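Undergrad: Sharing a structure with you now.
Values in this text are rule-based calculations from the coordinates and carry no lab data. For clarity, every value in this text was computed on a predicted model and none was experimentally measured. No Cβ is skipped: glycine too gets one built from the backbone with ideal geometry, and neighbour counts run over all protein chains shown.
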Amino acid sequence: MPTQFKDLNHIAIIGKKITIMSSSNKFNINKTGIIVNETKNMVYLLNGKNISALKKIAKKEITLVKVSHSKGDYFINGRMLLGRPEEKYSKIK
């Protein structure tokens, strides 16, 4: 059964397969791929093996994302993605 992360700081999303379930931009809904890079405002999805399949998606447009993980699928609120990745993960220490 899908669960929801309470705190994104406990996982790294780079390298994970995601599906955008809900977005303010209707063209981003149901986009699937592997996150290959993350910046403060963008995520970069690779949907295939070719670099031309790389898609840049604004984090502020994402409202719900499904992350496929070895322990199951997780749903993350899009607000939890906002911010620099190094700042999110450094809060663990």
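Undergrad: Taking the condition of being more than 20 Å from Ser23 (Cβ to Cβ) and polar (S, T, N, Q), how many residues in the range 45-61 meet it?
TA: Qualifying residue count for the region: 2.
Undergrad: Looking for something β-branched (Val, Ile, Thr) and touching an Asp or Glu at 6+ places or on another chain (Cβ under 9 Å) - is there at least one such residue anywhere in the range 38-52? Reasoning before the result, please.
TA: Filtering the range 38-52 for residues β-branched (Val, Ile, Thr) gives 39, 43, 51.
In the following step, the residues that additionally are touching an Asp or Glu at 6+ places or on another chain (Cβ under 9 Å) were identified as none.
There is no residue in the range 38-52 that is β-branched (Val, Ile, Thr) and touching an Asp or Glu at 6+ places or on another chain (Cβ under 9 Å).
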